[in-house]
Amino acid sequence: FIRPYEPARNGRGAWKALCAYYEGDSMKARQKTSAYASIQKANFQGPRRNFEFSTYVTIHEKAQETLARYGEPVPELKKVRDFLDGISDPRCSAIKLAVQASPLYMNNFNEMVNYVTGALDLLKTSNTPSTRQISDVSTVASTASRGGGRSVSRGGGRGGRGHGGRHHNAGRSYSPQEWQALSPEERARVFQARERNNNNPYYRGGGRGRRGGGASGQSTAGTRNTSALISTEPDGKNQDDMSALTSPTTARTTDTIGERMTRRQRLNAVLSSVRRTRTAQGRLMSSIERLSSCRAELDSHADTCAVGDTAYILEYTDKIVDVAPFSDEYKQMEEIPIVKAAFAYDDPTTGETFVLIFCQALYFGSKLKHALLNPNQMRSNGVEVDDIPRFLTPRHKDSTHSIYFPEENVRIPLELDGCISLFNVRTPTLHEVNNCTTLSMTSHDIEWNPRSLIFKEQEDAYESNETLLPMESRDRVIYSLNVDPISGNSLDPLDLTSTIPQRLEAIAVMANSTTNRRLKVGAEELSKKWAIGQQIANDTIKASTQCFIRSAVHPIERRYRTKNNTLRYNHLNAIFRSDTMFANLRSIAGHTMAQGFCSDFGFSKFVPMSRKSEAGYALQELICDVGIPKGMHTDDAKELTLGTWKKVCQDHGIAMSNTEAHSPFQNRTEGVIKEVKRHTQRFMSRTRSPKRLWDYCMVYVTDLRNRLALSLTQLNGRTPYEVLTGNTRDISEYLEFEWYQPIWIYNPATFPEQKRTIGRWIGVAHRVGQAMCYWVLPSSGIPIARTTIQVIAKKKN
């Protein structure tokens, strides 16, 4: 805005230009739109770690101030209504009703905020545990008895027969302070005690059941049993494996016994108990959420994202890995499952909750306290990870120190703990998983192989201008050899396979390195399920894949993921190149360009387009007609790296790679486009067909080239289509007619109209009708598809 005024040194004009931009109507409209959006997104679900009630109030006040500054003040009634609509904390239901019933609060925003703030403070105060003064404490050993209570007599005291007194056991409720003081082993014992109590029909947890375990009938009046655990087993054992819970925080002293012996015991625990399900994988977290929080730390030395108990597990992939630590002196962890997990992230500015989805992550359970995030795994999914702190950024560069999602336009700011970049996450609820905005941190469809050589080779390709794609030099595992009986060469498979190096595919997780990624369904299990022999099961595992196995270790609470393109289309063992070809004449169908695809062995496909943004749909057409390629190599054009193109590649698991800038020779499609253009011009000039039919002729040419046994070493006397798909292609549709040949078209008509009309043959219609359906050009000049056509016979002299 200032540069146009610099040559003339017109400071007044520059100042007016700045004021027109930053104080003009467009800026005011953007600010007001942003203010309304912040009010709509603001949501208070209760006090959280990074979002208190005061933050929620500040969001509304700033937005209202912005609207008032730009001449659009909000009425007091609307301020109050918007404020109340954003409060979804169940504890505030009564407070909201009280505000709505008061005209004073409904017409005065400040008075309403003061009232709600005071009411929330009273709720916090009322939730604090009451204290009692106890002059003396005495305990006696308890014995098994059916009665109990406070009296020495059988069934005396408060309870009488079967009315046991209150006792403390390992499965009881714990206050947040007590729960935080417990070790993971002690918490596991608590879970076991709760499951045992829930499964025992005679246990009532100190209530008034008929056989509820209360205080012993031999206890003296005025005393209660304060033992750590009373066993419900019939053998009379009263010592459980929870003896370790008698820590200083739960010791039976005169300082803490008052809270234990309150007449009405109040449940201070906010966290719900975790129910576990026993499966072949051990005890796994069920759908009942244990709301907790942890730190998500960026760790470049962990080559795969790793999560713990804080994560909400959505799916198990039935793939496991062996995880090795950074030093060989430590023992590696075996059979770590690969899962799809979710975290909840609360925006500290707006209060909006986002659900972060981590696919192909390692699940360590209680063995991992914080989540470890691999930056490159997130970058490969299109997420922009800027992990450079602002104070360490060079002066000529800018750093945001955040994680940015371009498609959703969401940014997660990072903070520092020492030199570690991190942000805080928590366990999401089932409601949040189903309704909140989801952000995909890692890819679900493209398999993550941290030990793949493609990363290094792609990096080297940018430095040395290599024309050979990295994917072409990858090592491959050969499972079988086929000998062509037509050839005269006799090969001994045993001698040949002995020269092939045998290696196992390995995956490592650096700070935790994973090795030997393998599938849960092995040959032995397959042999039992399918009732086949062990040798046949081994051969079947080698000759097949397991790309989409659903796991049902949890109770069903949400629908299975049905979008799976892996099993929908064929998978091609080939890497394709692609580029866009432009024409200076609009075709008869309105096309001005075509997206070209080619492989190393001569297969090509061209899809006519009207706009460059249709490139992604052209790729989808290639997948539907032929199959899913292993990789796609293009230049760095936006339509070939972003948008629909990128979405199609991610959905189908296609690895994307790009050429270096100003290096078109690295894309083999350039040469294929020249050959196809030359062949198309040869057909059109020989038949003198209209130039506006170039798109039909180009598709016809590529169809012919895919059915030609070209003299290429890779083809070995086969056609490109057969090498790509393994199927022998039939050429009957292309034998009867030639390009732009005069033909008779049969059109049913009433008398006296002729049923035969003259037209021109312009190709095969693959997507119209059934077999032997063709594109023809009638006298109207608009192509139509017909099956009943005939060559015009030449008259003999």
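Using a 1.4 Å probe over the heavy atoms of the protein chains, calculate the carbon and sulfur portion of the accessible area of region 50-110 as a whole percent.
After summing per-atom areas, the C and S share lands at 53 percent.
Evaluate the relative contact order of region 345-403 (contact order divided by residue number), counting alpha-carbon pairs under 8 angstrom at least 6 apart; express in whole percent.
Relative contact order, region 345-403: 19 percent.
When only DSSP loop residues count, what GluC sites (Glu not before Pro) in region 305-351 have their Cβ near at most 11 other Cβ atoms within 10 Å?
Answer in residue order: E329.
Just need the relative contact order of region 295-428 here, percent rounded to a whole number, with Cα pairs under 8 Å and 6+ apart.
Reported as a whole number, the value is 31 percent.
Using DSSP to call loops (not H, G, I, E or B), can you name the trypsin sites (Lys or Arg not before Pro) in region 737-797 whose Cβ has at most 14 other Cβ atoms within 10 angstrom?
Counting only loop positions with at most 14 other Cβ atoms within 10 Å, the trypsin sites (Lys or Arg not before Pro) in region 737-797 are K755, R767, K794, K795, K796.
In region 569-624, carbon and sulfur make up what percent of the accessible area (probe 1.4 Å)?
48 percent
In square nanometres, what is one fourth of the surface area of the convex hull spanned by the alpha carbons of region 1-68?
In nm², the orientation-averaged hull projection of region 1-68 is 6.4.
What is the Cα coordinate range of region 329-418 on the first, second and third principal axes, sorted by size from largest, in whole angstrom?
46, 35, 24
For region 556-707, with every protein chain kept in place, what is the accessible area per residue (1.4 Å probe, Å²)?
47 Å²
Separation of region 18-41 and region 421-451 by C-alpha centroid, Å?
If we compute the Cα centre of each part, the gap is 32 Å.
Mind listing the long-range amide H neighbours of L439? Cut-off is under 5 Å, sequence gap 5 or more, other chains count too, H placed in the peptide plane at 1.01 Å from N.
For L439, the qualifying residues are V355, L356, I357.
The values are calculated or read from the model by the stated rules, or taken from the named source; none is laboratory data. Everything quoted here is computed from the prediction, not taken from an experiment. Ideal geometry is used to build each Cβ from the backbone, glycine not excepted, and the neighbour counts take in all protein chains shown. Only protein heavy atoms, including side chains, enter the accessible area calculation; ligands, DNA and RNA are left aside. Shrake-Rupley method; radii C 1.70, N 1.55, O 1.52, S 1.80 Å.
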